[in-house]
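Q: Here it is, the structure, as structure tokens.
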């Protein structure tokens, strides 16, 4: 069974002092100091004033994690496990999503269970519009090229040959609809599809 767990408001709920104490118990002092510097060094600007983040970690911080699970212990035990997770800390509460029709969307990947194998391809929410920076937008050309290159490189790294061609064609169509030419796309990618 494919399962994903998420923490309600994870970034703002991580107990910093408790996390540092736990790392101190498990690792040597230099690692603890480094961890402390990463957690405690979050500052942000709001209304022209700087603030130190006292609770939680910064959005997108590498200390925050997403959890994908292959569960082999049945639905009843899964509910027991979720209940156990939610009793570990009063501020940290998990939600759970279970596969439907042998599929589970995890981040922007649709993972499918096919017998003993897992397959994956791009997942787009129903509200996804394929709108990216338009070719005529007032942005630096490197930003526009970066969008094309990043999406194309990501696709090549994540997806196998089964879905690669379809996804690259989808992206090309989206870039064309956003005003880019075939030449813009080839230039941004830098190499032909066959070379990767």
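Q: What number goes with the only condition from (1) more than 30 Å from residue 19 (Cβ to Cβ); (2) in a helix (DSSP H, G or I); (3) at pLDDT below 95 that residue 85 does not pass?
A: Checking residue 85 against (1) more than 30 Å from residue 19 (Cβ to Cβ); (2) in a helix (DSSP H, G or I); (3) at pLDDT below 95, the one that fails is (1).
Q: Do you know which of the residues in the stretch 1-19 that are assigned to a loop (DSSP other than H, G, I, E, B) and in contact with a strand residue (DSSP E or B) (Cβ under 9 Å, 6 or more places away or on another chain) is modelled with the lowest pLDDT? Show your work before the answer.
A: Step one: list which residues in the stretch 1-19 are assigned to a loop (DSSP other than H, G, I, E, B), which gives 1, 8-9, 14-15.
So of that shortlist, the ones also in contact with a strand residue (DSSP E or B) (Cβ under 9 Å, 6 or more places away or on another chain) come out as 1, 8, 14.
Numbers: 1: 94, 8: 83, 14: 77.
The residue in question is 14.
Here is a yes/no grid of residues against (1) outside any helix (DSSP H, G or I); (2) surrounded by 15 or more Cβ atoms within 10 Å (Cβ to Cβ); (3) touching a residue at least 24 places away in the same chain (Cβ under 8 Å):
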site: 32; (1), (2), (3): no, yes, no
site: 37; (1), (2), (3): no, no, no
site: 45; (1), (2), (3): yes, no, no
site: 56; (1), (2), (3): yes, yes, yes
site: 76; (1), (2), (3): no, no, no
site: 89; (1), (2), (3): yes, no, yes
site: 92; (1), (2), (3): yes, yes, yes
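Q: Residues of the stretch 123-135 being surrounded by 10 or more Cβ atoms within 10 Å (Cβ to Cβ) and out of contact with any strand residue (DSSP E or B) (no Cβ under 7 Å at 6 or more places or on another chain), which ones?
A: Once the filter is applied, which keeps residues that are surrounded by 10 or more Cβ atoms within 10 Å (Cβ to Cβ) and out of contact with any strand residue (DSSP E or B) (no Cβ under 7 Å at 6 or more places or on another chain), the stretch 123-135 yields 124, 128, 130, 132, 133, 134, 135.
Q: Please pick out the residue among 158, 147 that is closer than 30 Å to residue 69 by Cα, surrounded by 13 or more Cβ atoms within 10 Å (Cβ to Cβ) and within 23 Å of the chain's Cα centre (by Cα).
A: Answer to the check: 158.
Q: For the stretch 94-121, give me each residue that is modelled with pLDDT under 90, in contact with a strand residue (DSSP E or B) (Cβ under 9 Å, 6 or more places away or on another chain) and in a loop (DSSP other than H, G, I, E, B).
A: Passing the criteria: 107, 108.
Q: Another question about this same structure. Can you find a residue that is over 20 Å from the mean Cα position of the chain (by Cα) and over 19 Å from residue 1 (Cα atoms) anywhere in the stretch 122-133?
A: Yes, the stretch 122-133 has at least one match.
Q: Being free of Cβ contacts under 8 Å to residues at least 40 places away in the same chain, farther than 30 Å from residue 14 by Cα and in a loop (DSSP other than H, G, I, E, B) is true for just one of 128, 134. Which residue is that? Don't jump to the end; show me each part of the working.
A: Details: 134 fails: free of Cβ contacts under 8 Å to residues at least 40 places away in the same chain.
Going through 128, 134 in turn, just one is free of Cβ contacts under 8 Å to residues at least 40 places away in the same chain, farther than 30 Å from residue 14 by Cα and in a loop (DSSP other than H, G, I, E, B): 128.
Q: When the stretch 179-196 is examined, which residues are found to be modelled with pLDDT under 50, assigned to a loop (DSSP other than H, G, I, E, B) and surrounded by 13 or more Cβ atoms within 10 Å (Cβ to Cβ)?
A: Step one: of the stretch 179-196, the residues modelled with pLDDT under 50 are 191-196.
With the extra rule that they be assigned to a loop (DSSP other than H, G, I, E, B), the set shrinks to 191-192, 196.
The answer is 196, and nothing else.
Q: Determine whether residue 22 is at negative phi and assigned to a helix (DSSP H, G or I).
A: Judged against the criteria, residue 22 is a match.
The values are calculated or read from the model by the stated rules, or taken from the named source; none is laboratory data. Keep in mind that what you see is a predicted model, and the values were worked out from it rather than measured. Counting neighbours? That spans all protein chains shown, and the Cβs are built from the backbone with ideal geometry, glycine included.
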